[in-house]
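Written out below as structure tokens is the structure these notes cover.
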């Protein structure tokens, strides 16, 4: 059984026919060619597939596309504007918060949600806010520093 899915993805309206059991991750990756969110654990444990739905982080590997109907979906592809990285992406680059890059889109989306809730989070608040997104390469130090720095910049003071 199929249905018409209408949602806003990265600020653009989207309408497409999807199967009733199609996952949001699959719609994003295969139907909309937005491949930043990664398929990894498939049980909502690792965070590699994290996207924002109405500004809240969700595991797109376990979310039915149907659940995104009429909602706003943001992916890592939507963070940059007019070819310019946003401050969080710049902070990730400056603080060495990426190595293999597999977790980076999920980290960016979880951190984006955190920065929406907590303007200038402390390192402890960042560690707590990113607890559901696993990284196997960086050791988290650069990631935490990057999010703290981006929050400090946003709040108008040095980290």
Tell me, yes or no, whether region 113-126 has at least one residue that is within 22 Å of residue 29 (Cα to Cα), under 16 Å from the mean Cα position of the chain (by Cα), not assigned by TED's automatic domain parsing to the domain that holds residue 30 and not in a loop (DSSP other than H, G, I, E, B).
yes
Within region 128-143, residues part of a loop (DSSP other than H, G, I, E, B) and either crowded, with 17+ Cβ neighbours inside 10 Å or on the phi > 0 side of the Ramachandran plot (or both) come out as 130, 133, 134, 135, 138, 139, 140
Which of the residues that make up region 1-25 are surrounded by fewer than 17 Cβ atoms within 10 Å (Cβ to Cβ) and more than 20 Å from residue 81 (Cα to Cα)?
1, 2, 3, 4, 6, 15, 16, 17, 19, 20, 21
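Going by the structure shown, is residue 44 part of a loop (DSSP other than H, G, I, E, B) and closer than 19 Å to residue 131 by Cα?
Details: part of a loop (DSSP other than H, G, I, E, B): yes; closer than 19 Å to residue 131 by Cα: yes.
The answer is yes for residue 44.
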Which residues, counting only those in region 108-127, are free of Cβ contacts under 8 Å to residues at least 12 places away in the same chain and buried (at least 17 other Cβ atoms within 10 Å of the Cβ)?
125
Go through (1) surrounded by 22 or more Cβ atoms within 10 Å (Cβ to Cβ); (2) assigned to a helix (DSSP H, G or I); (3) assigned by TED's automatic domain parsing to the domain that holds residue 29; (4) in contact (Cβ under 8 Å) with a residue 60 or more places away in the chain one by one and return the number of the condition residue 105 breaks.
(3)
Residues located in region 108-159, provided they are modelled with pLDDT of 95 or more and touching a strand residue (DSSP E or B) at 6+ places or on another chain (Cβ under 8 Å)
109, 110, 112, 113
Going by the conditions given, is residue 73 part of a strand (DSSP E or B), at pLDDT 95 or above and either within 9 Å of the chain's Cα centre (by Cα) or closer than 20 Å to residue 100 by Cβ (or both)?
no
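If you go through region 85-106 one residue at a time, do you hit one that is in contact with a strand residue (DSSP E or B) (Cβ under 8 Å, 6 or more places away or on another chain) and closer than 16 Å to residue 48 by Cβ? Please lay out each step first, then the result.
Quick first cut of region 85-106, residues in contact with a strand residue (DSSP E or B) (Cβ under 8 Å, 6 or more places away or on another chain) only: 105-106.
Those left that are additionally closer than 16 Å to residue 48 by Cβ: 105-106.
Checked against the condition, which is being in contact with a strand residue (DSSP E or B) (Cβ under 8 Å, 6 or more places away or on another chain) and closer than 16 Å to residue 48 by Cβ, region 85-106 yields at least one hit.
The values are calculated or read from the model by the stated rules, or taken from the named source; none is laboratory data. Here the structure is a predicted model, which means the values were calculated and not measured. Cβ coordinates were reconstructed from backbone atoms using ideal geometry, including for glycine residues, and neighbour counts include every protein chain displayed.
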